[in-house]
Amino acid sequence: MSQTIQRPPVFRITLFQLGLSGLIALLFMLKSQEAAVSALAGGMICTVPNAYFIYKAFKYSGARQIDYVLRSLYQGGTWKIVLTAIGFAAAFKLINPVDFMALFSAFIAVQATSVFASRIANL
């Protein structure tokens, strides 16, 4: 009798991060449009790489695929760092003027959701 472990609903983490990014951007809209754009960029700089990592981390499962699981985790972690760096570079280059406080506070707030990841995904 073969049983498989169901994959956890980790996509909820990405959905939560998307919603939080939008909410933070709306709150910064009270300050200025530039702050709102910067805050949204900061949230997306965190959310997009995390979504890619989640995709790679849960692409494979099972003891027979352990080599694929490890390779996918390493690739996901590496690309998460690369995508984050590209996101910051793009924000600094394309957003004019950039509100650094809004950008970094949104990034940090969305990144902090990883502390609550197990609750968000109902694990």
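Give Ala85, Ala63, Ala57, Ala121 a once-over and let me know the one that is modelled with pLDDT of 90 or more and out of contact with any strand residue (DSSP E or B) (no Cβ under 8 Å at 6 or more places or on another chain). Lay out the reasoning, then the answer.
On the way: Ala63 fails: modelled with pLDDT of 90 or more; Ala57 fails: modelled with pLDDT of 90 or more; Ala121 fails: modelled with pLDDT of 90 or more.
The conditions single out Ala85.
Do we find a residue being of a type outside the set (Asp, Glu), more than 12 Å from the chain's Cα centre (by Cα) and within 21 Å of Arg119 (Cα to Cα) anywhere in the stretch 77-97?
no
Within the stretch 13-33, count every residue that is touching a residue at least 40 places away in the same chain (Cβ under 8 Å) and crowded, with 16+ Cβ neighbours inside 10 Å.
As a first pass, look at the stretch 13-33 and keep what is touching a residue at least 40 places away in the same chain (Cβ under 8 Å): 13-14, 16-17, 20-21, 24-25, 28, 31-32.
Now restrict to residues that are crowded, with 16+ Cβ neighbours inside 10 Å: 13-14, 16-17, 20-21, 24-25, 28.
Final tally of qualifying residues: 9.
Return the residues of the stretch 60-101 that are touching a Phe, Trp or Tyr at 6+ places or on another chain (Cβ under 8 Å) and open to solvent by less than 80 Å² (accessible area, probe 1.4 Å); say none if nothing qualifies. Working first, answer last.
Within the stretch 60-101, the first condition is being touching a Phe, Trp or Tyr at 6+ places or on another chain (Cβ under 8 Å), and the residues that meet it are 60, 68-69, 72, 76-77, 79-80, 83, 98-99.
Correct list: Tyr60, Val69, Ser72, Gly76, Gly77, Lys80, Leu83, Val98, Asp99.
Here is a list of conditions, (1) at pLDDT 95 or above; (2) assigned to a loop (DSSP other than H, G, I, E, B), and Gly43 meets all of them except one; can you say which number that is?
Tallying (1) at pLDDT 95 or above; (2) assigned to a loop (DSSP other than H, G, I, E, B), Gly43 fails exactly one: (2).
The values are calculated or read from the model by the stated rules, or taken from the named source; none is laboratory data. Since the model is a prediction, treat every value here as computed from it, not as a measurement. Backbone-built Cβ (ideal geometry, glycine too); neighbour counts: all protein chains shown. Heavy atoms of the whole protein, side chains included, go into the accessibility calculation; ligands, DNA and RNA do not. Shrake-Rupley method; radii C 1.70, N 1.55, O 1.52, S 1.80 Å.
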